[in-house]
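Reading through the structure tokens given below for one structure.
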């Protein structure tokens, strides 16, 4: 046997011996350290998949009160901190369910993330296995707000109806007692007519608001001529404007068309014009204008009235909300006009915005979907001069403002009016 063959045999023998040593070491190590079975997954894969598609926020808690899985909403509501249930009431409920296996429900109020915006939650807690407990949490804030709005609406309607009804009752008694005084009878009868008109207007607006408040999209929108709607809205306030020597001007683009319900749009725009006239000083000017954008038409009503304080801008579209309750008797407002405007805008797929500076005036903008391809012709009236001394411009400027109001418009889409 030559030297090369001997070297190959020795190398092969060394490899076999080395493999044997390694195998022996591994067998010995396995005997000294028995294999530990893979731990069972904390949350079964099927359960995790189901929880990921649930609408409710979910928490899975183990026997050590540690949160094994929680949705993002559970963290945003402040229910989980680290790996612990942060709400003591929910943690206690989890322990009770783990002890007796009974499904339980409770209502929670999460910490407010914004002023006056607490989150109302309902939690349903059930055993998931012998070790795990499942808590499903749903946000009920919107339902609670709707219930509160409904209660407030009923209370406000009752109060508002009592006022003219009580006044009519007292005036009727006064007429009976003054039957021998024709002058007094005439005076009281005039007051009765005023209260009766106010009562009629209130009932009519309540009916209109009840019909519109669902904000359902229009079933069959039709082309609406903007010029006709603006003319109708101005005509509704002609008598009141003339009594205060207020000039109501139709400005902006002509020949525009929108898609919607002409009567509802005229109602909404008429409410804006009526408010502008009611809260403007004598011998001032109100400008009603239209301007087209790509897919929308902006209908704006600009006045030189008392304006709206910044703190009240977010609430003026609430039903029966009034900035100065003492003024509503003199202006004849019901507190529902702007709420109706908001609901008309929502049902048409649009929005209503407001810009205002106290003591200078307000601009309300009703944006509605434009009818495509109507090709308007622009025949704007001459620029409107201001009624302020020294030729100062309207505040805010006559529509359209060059770069928008300085403080930016306030939008109303989902809030429940109020006359200023």
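The table below lists the values:
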{"quantity": "Whichever residue in segment 159-217 is assigned to a loop (DSSP other than H, G, I, E, B) and surrounded by 12 or more Cβ atoms within 10 Å (Cβ to Cβ) and, among such residues, is modelled with the lowest pLDDT", "calculated": "215"}
{"quantity": "Failed item, numbered, when residue 369 is tested on (1) at pLDDT 80 or above; (2) within 19 Å of residue 274 (Cβ to Cβ)", "calculated": "(2)"}
{"quantity": "Checking residue 119 against (1) at pLDDT below 85; (2) surrounded by fewer than 18 Cβ atoms within 10 Å (Cβ to Cβ), the condition it does not meet", "calculated": "(2)"}
{"quantity": "Qualifying residue in segment 129-141 (condition: at pLDDT below 75, touching a helix residue (DSSP H, G or I) at 6+ places or on another chain (Cβ under 7 Å) and surrounded by 13 or more Cβ atoms within 10 Å (Cβ to Cβ))", "calculated": "no"}
{"quantity": "Spans of strands (runs of 3 or more DSSP E) in segment 219-326 with at least 3 residues assigned by TED's automatic domain parsing to the domain that holds residue 348 and farther than 20 Å from residue 348 by Cα", "calculated": "247-252, 285-292"}
{"quantity": "Criterion violated by residue 293 - all others in (1) touching a strand residue (DSSP E or B) at 6+ places or on another chain (Cβ under 9 Å); (2) within 27 Å of residue 306 (Cβ to Cβ); (3) modelled with pLDDT under 90 satisfied", "calculated": "(2)"}
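The values are calculated or read from the model by the stated rules, or taken from the named source; none is laboratory data. Note that the coordinates shown come from a computational prediction; the quantities given were computed from them, not determined experimentally. Cβ coordinates were reconstructed from backbone atoms using ideal geometry, including for glycine residues, and neighbour counts include every protein chain displayed.
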